[in-house]
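The values are calculated or read from the model by the stated rules, or taken from the named source; none is laboratory data. Predicted, not measured: the structure shown is a model, and the values here were computed from it. Please note: Cβ atoms are built from the backbone with ideal geometry, for glycine as well, and neighbour counts cover all protein chains shown.
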There are 4 protein chains.
Amino acid sequence: MKNTYRIIFDCPDRRGIVAKTATMLSDNGGWILDAAHHSDHDHQWFFSRLEVKADSLPFDLSVLREKFQPLVDEFEMNLRLVDGDQPKRVVILASKSSHCLADLLDRWHSNDIDCDICAVISNHCANKALVEGYDIPYHEVMIDKDDKAPGFAELERLIDRYDAETIVLARYMQILPPAMCHKYQHQVINIHHSFLPSFVGAGPYRQAWQRGVKLVGATSHYVTEHLDQGPIIAQDTIHVSHAHTARDLVRLGKDVEKTVLARGLTAHLEDRVMVHGNRTIVFD
Amino acid sequence: MKNTYRIIFDCPDRRGIVAKTATMLSDNGGWILDAAHHSDHDHQWFFSRLEVKADSLPFDLSVLREKFQPLVDEFEMNLRLVDGDQPKRVVILASKSSHCLADLLDRWHSNDIDCDICAVISNHCANKALVEGYDIPYHEVMIDKDDKAPGFAELERLIDRYDAETIVLARYMQILPPAMCHKYQHQVINIHHSFLPSFVGAGPYRQAWQRGVKLVGATSHYVTEHLDQGPIIAQDTIHVSHAHTARDLVRLGKDVEKTVLARGLTAHLEDRVMVHGNRTIVFD
Amino acid sequence: MKNTYRIIFDCPDRRGIVAKTATMLSDNGGWILDAAHHSDHDHQWFFSRLEVKADSLPFDLSVLREKFQPLVDEFEMNLRLVDGDQPKRVVILASKSSHCLADLLDRWHSNDIDCDICAVISNHCANKALVEGYDIPYHEVMIDKDDKAPGFAELERLIDRYDAETIVLARYMQILPPAMCHKYQHQVINIHHSFLPSFVGAGPYRQAWQRGVKLVGATSHYVTEHLDQGPIIAQDTIHVSHAHTARDLVRLGKDVEKTVLARGLTAHLEDRVMVHGNRTIVFD
Amino acid sequence: MKNTYRIIFDCPDRRGIVAKTATMLSDNGGWILDAAHHSDHDHQWFFSRLEVKADSLPFDLSVLREKFQPLVDEFEMNLRLVDGDQPKRVVILASKSSHCLADLLDRWHSNDIDCDICAVISNHCANKALVEGYDIPYHEVMIDKDDKAPGFAELERLIDRYDAETIVLARYMQILPPAMCHKYQHQVINIHHSFLPSFVGAGPYRQAWQRGVKLVGATSHYVTEHLDQGPIIAQDTIHVSHAHTARDLVRLGKDVEKTVLARGLTAHLEDRVMVHGNRTIVFD
């Protein structure tokens, strides 16, 4: 929704959080358009996401932050305030496969995901024409398999130059170094082509075929330094049969990959994802 | 959850509803365990469902209702207060098919749905042993096809004698008369064996087979006087193929019917369903 | 699979069809790589699709047809023989929406569907750059709403000029005239943005939202002169909730539309679809 | 289907298998009602399942077997011949949970699965009344955790006394000893409450919750001596969210367990499952 401020916070669960937050907003004229809460009773932790009509408040986000400060202190909130009218800046990393990339570009072009795609960076020469057809800058940054550091340094430099808030690994066939995983914590979204935690690592469809599974899946997750272990945002599966070869699974799985990556990215861009430990809260 | 009060209300959407409600609860010591809201921006209408820790409040439901009265007046709320420790009283109506009935009885027996199944009433002699095996009263009430009124009068008498709040049509093969639909508005849940609005009326699997659909589905909905037109609570579908006969569809569809009826009933029993016009809000 | 001949036939069901067919092939050295049969016991009709290793036979398709003639006569077969190495010629018709079009183009580019996309014809100025980025001819053929005949005549001329065997309506917002439906019988595949037979005609997502369904779907089908009534090839659905607006349904439904159109088209291109009356047999 | 013989075989893939098999049947008057084939091109192996109208043949199964012998020799077939009118004898093993058991009993009672349920054996006192309500013998066989051998010996004795061809582990909470796994190879079907190979072993829902997955699943598979590693017959998943506790996953997962167990068992009972290495071919 346009003309909204997004208020996202989590804190230890206690009495009065909703009351005081809503009252502060209401006292300042704030109109809550959407509100979602979650109480994790195991961990006694509270999560909340509110959308407030921006022009119902007589001040901007920086003043809103000041108004929130007493609540942040009282309830020990982790608070994030986001202007819903400011699309996030996104850099997409890709390799040779085009299906996720083409899918994201069309969604962006069709205004079905709300973000600025600043650039696509690839370690492969393919897909240049596709990207530039959308008037998006395309960079080829090779990662030398015997000396990866220079390539990743260049990658990082570009990401920072574009001031990207979100980095999408759209079937990017490189493992980011731990330092980058830390630097961009909860900002890097990967699509893994299996239903994690099944089939971690390389060749998941081949693994799936060998195990004789009757479903294949895909998982979008935040990247951490532990390969394919990061917090899961979205997952889905489709039915397959004995009649499908490992190569068929690759082809069929693409549909799930595209959808699951887009679903995870959309939730992230709309600030609907909160991370707690290695689990996510994803407000619909 | 046990030891909770459920607070369900809807009203025209305005500023301050959440703030005043939450503050009233908080001022009385109320601990909100779960909160879900929905704003229908098309109709400018607000829907809310709260669960409050019952013993966090120093009074009972009748006093809570009094405390709510000023808010009800100010915001023109339709308010429902429910003691979460009081399972709803349910009567199941069945015919010859046993799959939905057996499924519900096992869920109840396994404590997977929270209700009191007071009785099963059937217009068919089957399933008596099954029902009585669970120590649940079983009544056979025949509906004479040439004179239905006496049968339905008896049915109504039984429902009222059991003081049932919820009536489940578990593949009950009779159409309730309009007067009963009105009397038990939003209390009667039916399972229709198609993905409504496709294939209204009799023989939906035969209709589906003839149309050559590649999915069959089921729909649980509140019963109104308009056949298969009532507010939808839950739906699902499964894939079928040309290899399936109409008879196969009947068999395969049963899995969806069972699941969708149970899902709809569970939402209803937990007071997660709100009806607005002919649409439902179903809080997860 | 490459280097195959596809043998597709249907006929009244009788004893000996498989035996005589397989024996004729075997006697000529034919190696059957894939075989699928279906007996419709209601209509006593038999359907079969075989893939034979092309170079296992000592002759070409025209001789194979001669060899088949006695069987065609004896069993009253409708027989189709297809060289699996000859990709079908496809023309895509599109309007403003790009999601199905972009999806098909990427599948084609990624070799995930086997066909020659000869041209894209649109009644809208959008998507020209996208199409031409793939080096595919793009034609804009406007259909004047007050005089549609000239536009459709031009459309037909182009289709014939490209010698297209398959016409894909990738969210093409025009209803083909009956004469074209007849001329290209079982060659035109449409994607309808609902789970047919629900919500025939215009604005299905709006209709779905008003009915309050909990699933939306899509249907790919052969076009006939009866709007949205043609034989169904593929269908799927996804879950939606009260929280989704009619506009959300449009966005969410696109994922199903893309997948279901591609699935239907793939089956068609691989000659896996047989039409019988208004139903399809779709061999996996 | 009734009045059928099922012919199931696999062999190295070669020319002429279908031709010679179908011709032998046809020469004897055999009417093929259903035929499914699969060629595994990786392993050059051929799989086939035929249903023949029993009374179209002028002899019984033992003569049919003799007629097949030359083909068995020539093509090195593993051949199984089954009289479709002879339902398989099934023993169900259960523990405390009733959901899979109650579900199977109702399917059997409703004639939706075709078998003779000879007995239910449990290592727990629950579910006796349920089972006996269906007039099925119920045996309680405790497995002493410090000395399991006597319990399993008794179990084996009962299975053999009932001459069971199929053993269903309907959430049976014991691991069969390797000797029993060997003795009843491809006869024991288990339902594992996760989407294998994820979450092998105990407490899969707890593991799933901790990993923060967005789907939970179930797997029916043949039991081997390697825990949860046997050939997979059927799988499915459902969506879950952060709002669900580990206990919710247990409850929600039951629907998938029931369906997936029934689907796997049905395929097995209809002789639609062929095992090759650790993979299954499951003909629809």
Looking at segment D:245-257, which of its residues are crowded, with 22+ Cβ neighbours inside 10 Å and facing another protein chain (nearest Cβ under 8 Å)? D:254, D:255
Restricting to segment C:165-196, give me the number of residues that are among the polar types (S, T, N, Q), under 23 Å from residue C:213 (Cβ atoms) and more than 13 Å from the chain's Cα centre (by Cα). 1
In the list D:202, D:179, D:208, which residue meets the criterion of being outside the structural domain of residue D:49 (by TED's automatic domain parsing), assigned to a helix (DSSP H, G or I), within 28 Å of residue D:149 (Cα to Cα) and not aromatic (Phe, Trp, Tyr)? D:179
For segment C:80-164, give me every one of the strands (runs of 3 or more DSSP E) that falls completely inside it and has 3 or more residues that are of a type in the set (Phe, Trp, Tyr), more than 19 Å from the chain's Cα centre (by Cα) and buried (at least 16 other Cβ atoms within 10 Å of the Cβ). none
If you check D:271, D:284, which single one turns out to be at pLDDT 95 or above, under 20 Å from residue D:40 (Cα atoms) and in a loop (DSSP other than H, G, I, E, B)? D:271
For segment B:56-77, how many residues meet the condition of being surrounded by 13 or more Cβ atoms within 10 Å (Cβ to Cβ) and either of a type in the set (S, T, N, Q) or facing chain A (nearest Cβ under 9 Å) (or both)? 1
Number of the condition not met by residue D:48 [criteria: (1) farther than 19 Å from residue C:20 by Cβ; (2) within 13 Å of chain C (Cβ to nearest Cβ); (3) touching a Cys at 6+ places or on another chain (Cβ under 9 Å)]: (1)
What residue, among those in segment C:176-211 that are modelled with pLDDT of 95 or more and out of contact with any helix residue (DSSP H, G or I) (no Cβ under 9 Å at 6 or more places or on another chain), is surrounded by the most Cβ atoms within 10 Å (Cβ to Cβ)? C:181
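On the basis of being in the same structural domain as residue A:142 (by TED's automatic domain parsing) and closer than 24 Å to residue C:95 by Cβ, does residue A:110 make the cut? Steps first, answer last, please.
Working: in the same structural domain as residue A:142 (by TED's automatic domain parsing): yes; closer than 24 Å to residue C:95 by Cβ: yes.
When the stated conditions are applied, residue A:110 passes them.
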Of (1) closer than 20 Å to residue A:115 by Cβ; (2) part of a loop (DSSP other than H, G, I, E, B), residue A:173 satisfies every one except (1)
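Just checking, does segment A:113-123 include any residue being closer than 30 Å to residue A:25 by Cβ, assigned by TED's automatic domain parsing to the domain that holds residue A:256 and without any contact (Cβ under 8 Å) to a residue 40 or more places away in the chain?
Step one: of segment A:113-123, the residues closer than 30 Å to residue A:25 by Cβ are A:113-116.
With assigned by TED's automatic domain parsing to the domain that holds residue A:256 added as a condition, the list becomes A:113-116.
Going one step further and asking which of them are without any contact (Cβ under 8 Å) to a residue 40 or more places away in the chain, we end up with A:116.
Checked segment A:113-123: at least one residue is closer than 30 Å to residue A:25 by Cβ, assigned by TED's automatic domain parsing to the domain that holds residue A:256 and without any contact (Cβ under 8 Å) to a residue 40 or more places away in the chain.
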Of the numbered conditions (1) free of Cβ contacts under 8 Å to residues at least 40 places away in the same chain; (2) more than 8 Å from chain A (Cβ to nearest Cβ), residue D:213 fails exactly one; give the number of that condition. (2)
Going by the conditions given, is residue B:46 over 28 Å from residue D:251 (Cα atoms) and assigned to a strand (DSSP E or B)? yes
Residues to consider are B:73, B:10, B:34; find the one that is part of a strand (DSSP E or B) and modelled with pLDDT of 95 or more. B:10
What residue, among those in segment C:11-24 that are crowded, with 18+ Cβ neighbours inside 10 Å and at the interface with another protein chain (Cβ under 7 Å from one of its Cβ atoms), is farthest from residue C:58 (Cα to Cα)? C:16
Regarding segment C:31-45, can at least one residue be identified that is of a type in the set (Gly, Ala, Ser), in contact (Cβ under 8 Å) with a residue 60 or more places away in the chain and on the phi < 0 side of the Ramachandran plot? yes
Restricting to segment B:191-209, name every residue that is at the interface with chain C (Cβ under 8 Å from one of its Cβ atoms) and not aromatic (Phe, Trp, Tyr). B:196, B:197, B:198
Taking the condition in contact (Cβ under 8 Å) with a residue 40 or more places away in the chain and of a type in the set (Lys, Arg), does residue B:171 pass? yes
Can you tell which of D:156, D:140, D:165, D:132 is in the same structural domain as residue D:222 (by TED's automatic domain parsing), free of Cβ contacts under 8 Å to residues at least 60 places away in the same chain, among the charged types (D, E, K, R) and within 21 Å of residue D:268 (Cβ to Cβ)? D:156
When you scan segment D:262-276, do you find a residue that is free of Cβ contacts under 8 Å to residues at least 60 places away in the same chain, closer than 19 Å to residue D:172 by Cα and either at the interface with another protein chain (Cβ under 10 Å from one of its Cβ atoms) or surrounded by fewer than 24 Cβ atoms within 10 Å (Cβ to Cβ) (or both), even just one? yes
Looking at segment C:224-244, can you tell me whether even one residue there is part of a loop (DSSP other than H, G, I, E, B), of a type in the set (A, V, I, L, M) and more than 9 Å from chain B (Cβ to nearest Cβ)? yes
Do you know which residues across segment A:28-38 are over 22 Å from the mean Cα position of the chain (by Cα), at the interface with another protein chain (Cβ under 8 Å from one of its Cβ atoms) and surrounded by fewer than 21 Cβ atoms within 10 Å (Cβ to Cβ)? A:29, A:31, A:33
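Yes or no: residue C:53 under 25 Å from the mean Cα position of the chain (by Cα), of a type in the set (D, E, K, R) and surrounded by fewer than 20 Cβ atoms within 10 Å (Cβ to Cβ)?
Values: under 25 Å from the mean Cα position of the chain (by Cα): yes; of a type in the set (D, E, K, R): yes; surrounded by fewer than 20 Cβ atoms within 10 Å (Cβ to Cβ): yes.
Here the answer is yes, as residue C:53 does meet what is asked.
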